[in-house]
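Reading through the structure tokens given below for one structure.
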Amino acid sequence: MSATANPSVSIQDLTLNFGIVPVLQSLDLDIAEGEFIVLLGPSGCGKSTLLNCIAGLLDISDGRIFIKGKNVTWEEPKDRGIGMVFQSYALYPQMSVEKNLSFGLKVAGTPKAEIDKRIARAAEILQIEQLLQRKPAALSGGQRQRVAIGRALVRDVDVFLFDEPLSNLDAKLRSELRVEIKRLHQRLANTMIYVTHDQIEAMTLADRIAVMRGGVIQQLDEPQAIYNRPVNRFVAGFIGSPGMNFIEGGLEESGGDWRFGSGDLKVPLSTYVFDQQPVAGPAVFGMRPEHIGLNSGSGWPFSAKVTVDVVEPMGSDTLVWVRLGAQSLSVRVPSERAPKTGSQVEIGFDPMRASLFGEDGNRL
Amino acid sequence: MATPQTLEQFQQKCAAVLRPGLRKNKELERFRVSVKNGNALAADGPRGPKPRHAFSKRNIFIYGTLFVVAVYYLLPLYVMVVTSLKGMPEIRLGNIFSPPMEITFEPWVKAWATACTGLNCDGLSRGFWNSVRITVPSVILSIAIASVNGYALANWRFKGSELFFTILIVGAFIPYQVMLYPIVIILREIGLYGSLSGLVVVHSIFGMPILTLLFRNYFASLPEELFKAARVDGAGFWSIYLRIMVPMSVPIFVVAVILQITGIWNDFLFGVVYTRPDTYPMTVQLNNIVNSVQGVKEYNVNMAATLLTGLVPLIVYFISGKLFVRGIAAGAVKG
């Protein structure tokens, strides 16, 4: 899905400085109607700051923000047609769930009948009907987050903003609520912008992911594209768990064919699709652990005999660490086919699935 | 493997049991039972909670110190109460620690209703009501202003808010004496000198730095996301303050009330400078009763008057102390 001509949220040339520290630098982002965008990045990359700017909770230094075609750059948060869900839930502790949900509507002077109707609908969607009279203190973490989502829901907004909504929950609840958020998006078909540092959430929820670092969007693309064809070494290393294997070395040409060399290791690159015209020089070769085959017969453009160093069983599959020359590589295999530590195995892979990065870290 | 007798054997056994996985849980259980049944490893090591001795060195030191300090503070109070219940002939006997032989409440009545201060002979009652009329509005006014100040400084960082705050805090360090005379002139110019309202204004102003600091720090400690959520919900400055912040801040309001009531009630300096004899607060009147030089020193009346004056902060402290604890407990719930 690419940005349409009539985006739901459009950010143009957004710049934000805290004092003299630039946090966001002339950032552009177009989000289509009904799209689920995930802003992903390590802490301090500016993703939450960007979300706060869209919400209007931070005054920006430069640029413009459009929501539904309306320039909201100077608008108050309540006038932007956004609802926001926070990491710490941010429920008003002294109010019951119902009062929490109705607070925004009461402030806006919505008629009582309309308020009741909207609360009933939100409670039904989120299955919190039986909790309406409780205080937030009497709710579990998952219930609190549901109420927090409900607070955005009753306001009937165009755009939902999620600021790491699942980070305070335990792993099991997190995966449950993840599915619910996805279901909610399918049902409401609203535009949603979701900030997280959890790549699983990003991969599972997003229509498109914006990977951020240092206030700059590194790559904005569909999850599979980001996973398979990361544009630079940062994105390649940040996405994927266990992480991508990197081998430092150089690009060489021999008789019209390009190959990657690192010490004694030579990998032919005849199947690799270059993004740009290759030139000989230092490069980094990246390969995901699941794209390396183990004892799976011949037919690989590259294969080698190696010794198993460490075996890490992870339940569904097993991570096998092997030594290839001077490099340590991880290989992901089904648990029932995991080799023993110290045994000799053969690994192989197709460089077509690799990612090559130049000296500047960008994809070659 | 036989039942282990040494630590090494035990460790080997454990490793042997644990490595092959959960399948051998039963074996581990059997081993545990055999340990229970008195084999070498289990012999007579400590088990269960570590015993604590009531008369340890540490306890004696702690409770001894607490006792001495408590006596040190309570003894003068005891002497005051006892003396205030004695008649003058009994006081002249000189046994200040002995309990009254004949309990009389006359000194209390006299202190409250008929003791003379200067020209007036209606006791402390006049000063009491003056103090009430000074303290109540001052406490309300100063806390109302300071809490809004603190809220604005913590949540609405306006341009120059840091500078404003710094100036306010510096104000807290300027000695009161320096400002006495300028304030006299200001009050005279605006026509409030000598009136109770004038003193209320002075108390409200002087409570500002410390109270603002108190409220600012408390509001800053509340989760910022709550404030953001309220803004997204469309609440404005006052709406957020009254409907979100104040209901969450009961503990700090109680602390501020305690601080202000005790401070303003016990104030002497401002009371004596900015009021006239008929509007003197209780503390100033007490001083005049105790320090009056005509006739005999009526120690029992003096003691009773002092206790009466000190009663209000004491009662406030006891009542709100409980509220204070409850407030903290209620506020301890994660938002």
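Computed with a 1.4 Å probe over protein heavy atoms only, the accessible area of B:THR104 comes to about 40 Å². Cross-link partners for B:LYS110 among the lysines, with Cα-Cα distance under 23 Å and sequence neighbours closer than 8 places in the same chain left out: B:LYS86, B:LYS297. Computed from label points 7 Å out along Cα-Cβ, the spacing between A:GLU76 and B:LYS159 is 2.1 nm.
Per residue of peptide B:222-228, the mean number of Cβ atoms on other chains within 10 Å of the residue Cβ is 6. Summing Lys and Arg as +1 and Asp and Glu as -1 over all other residues whose Cβ lies under 15 Å from the Cβ of A:VAL279 gives a net charge of -4.
As a length-normalised measure over Cα pairs under 8 Å and 6 or more apart, the relative contact order of chain A settles at 15 percent. Solvent exposure of B:ILE140, expressed as accessible area, is near 110 Å², computed with a probe of 1.4 Å over the protein chains only. The share of Cα pairs per 10 Å bin across the protein assembly as shown, counted from zero up to the longest distance, runs 2, 10, 14, 14, 14, 14, 12, 8, 6, 3, 1, 0, 0 percent. In a simple Cβ point-charge model (Lys, Arg +1; Asp, Glu -1; nothing else charged), the protein assembly as shown has a dipole of about 2460 debye relative to its Cα centre.
Computed as a quarter of the hull surface, the mean projected area of the alpha carbon convex hull for region B:126-331 stands at 13.9 nm². When only the Cβ of Lys, Arg, Asp and Glu is charged (+1, +1, -1, -1), the dipole of chain A relative to its Cα centre reaches about 1240 debye. Residues of region A:44-63 whose accessible area (probe 1.4 Å, heavy atoms of protein chains only) drops by at least 40 Å² once all protein chains are present, relative to their chain alone: A:LEU57. Shown is the FRET efficiency for B:THR104 and B:LEU311, computed with R0 = 25 Å from the Cβ-Cβ distance and rounded to the nearest 0.05: 0.85. Ranking of B:MET282, B:MET101 by solvent-accessible surface, largest first: B:MET101, B:MET282 (1.4 Å probe, protein heavy atoms only, all chains present). Ignoring any ligand, DNA or RNA, what whole percent of the accessible area of the protein assembly as shown comes from carbon and sulfur when the probe is 1.4 angstrom? The nonpolar share, carbon plus sulfur, comes to 60 percent. The mean count of C-beta atoms from other chains within 10 Å of the C-beta of residues in A:83-92, rounded to a whole number, is 6. Computed on protein heavy atoms with a 1.4 Å probe, the accessible areas place A:SER330, A:SER316 in the order A:SER316, A:SER330, largest first. Computed from the C-beta positions of A:GLU336 and A:LEU173, the FRET efficiency with R₀ = 51 Å rounds to 0.95.
Of the residues A:GLY81, A:GLY281, A:GLY256, the one that moves most in a GNM of chain A with alpha-carbon contacts below 10 Å is A:GLY256. Over every pair of different alpha-carbon atoms in region A:245-357, take the mean of 1/r and invert it; report that Kirkwood radius in Å. By the Kirkwood definition, the hydrodynamic radius is 14.6 Å. Taken over the alpha carbons of region A:9-238 as equal point scatterers, the Debye sum produces base-10 log I(q)/I(0) values at 0.11 Å⁻¹ of -0.55. Heavy atoms of the protein chains alone define the surface here; on that basis the protein assembly as shown has 52 Å² accessible area per residue at 1.4 Å probe size.
Look at the dipole of chain A built from charges on Cβ: of A:ILE181, A:LEU27, A:PHE274, the Cα furthest out on the positive end belongs to A:ILE181. Picking from B:LEU75, B:PHE253, A:VAL216, whose Cα lies most toward the positive end of the charge dipole for the protein assembly as shown (charges on Cβ: Lys, Arg +1; Asp, Glu -1)? Positive-end residue among those listed: B:LEU75. Note on region A:245-357: with charges restricted to the Cβ of Lys and Arg (+1) and Asp and Glu (-1), its dipole about the Cα centre is near 220 debye.
Only protein heavy atoms count here; under a 1.4 Å probe, A:PHE302 has an accessible surface of about 20 Å². With all protein chains in place and ligands, DNA and RNA left out, the 1.4 Å accessible area ranks A:TRP300, B:TRP265, A:TRP258 as A:TRP300, A:TRP258, B:TRP265, largest first.
Based on C-alpha pairs under 8 angstrom that are at least 6 apart in sequence, region A:163-302 has a relative contact order of 15 percent. Rounded to the nearest 10 degrees, the angle from helix A:141-154 to the longest Cα principal axis of chain A is 60 degrees.
Taking R0 as 35 Å, what's the FRET efficiency between B:ILE96 and B:LYS322 from their Cβ-Cβ distance, rounded to 0.05? It comes to 0.55. With a threshold of 32 Å on the Cα-Cα distance, the over-threshold entries among A:LYS47/A:LYS266; A:LYS112/A:LYS172; A:LYS78/A:LYS182 are A:LYS47/A:LYS266; A:LYS112/A:LYS172. Our compactness index for region B:71-203, the C-alpha radius of gyration over the empirical 2.2 N^0.38 Å, is 1.62. Taking both sides together, the accessible area buried where B meets A is about 2100 Å² for a 1.4 Å probe.
The values are calculated or read from the model by the stated rules, or taken from the named source; none is laboratory data. Remember, it's a predicted structure, so these values are computed and weren't measured experimentally. Quick reminder, even Gly has a Cβ in these numbers, built from the backbone with ideal geometry, and neighbours come from all protein chains shown. Heavy atoms of the whole protein, side chains included, go into the accessibility calculation; ligands, DNA and RNA do not. Shrake-Rupley method; radii C 1.70, N 1.55, O 1.52, S 1.80 Å.
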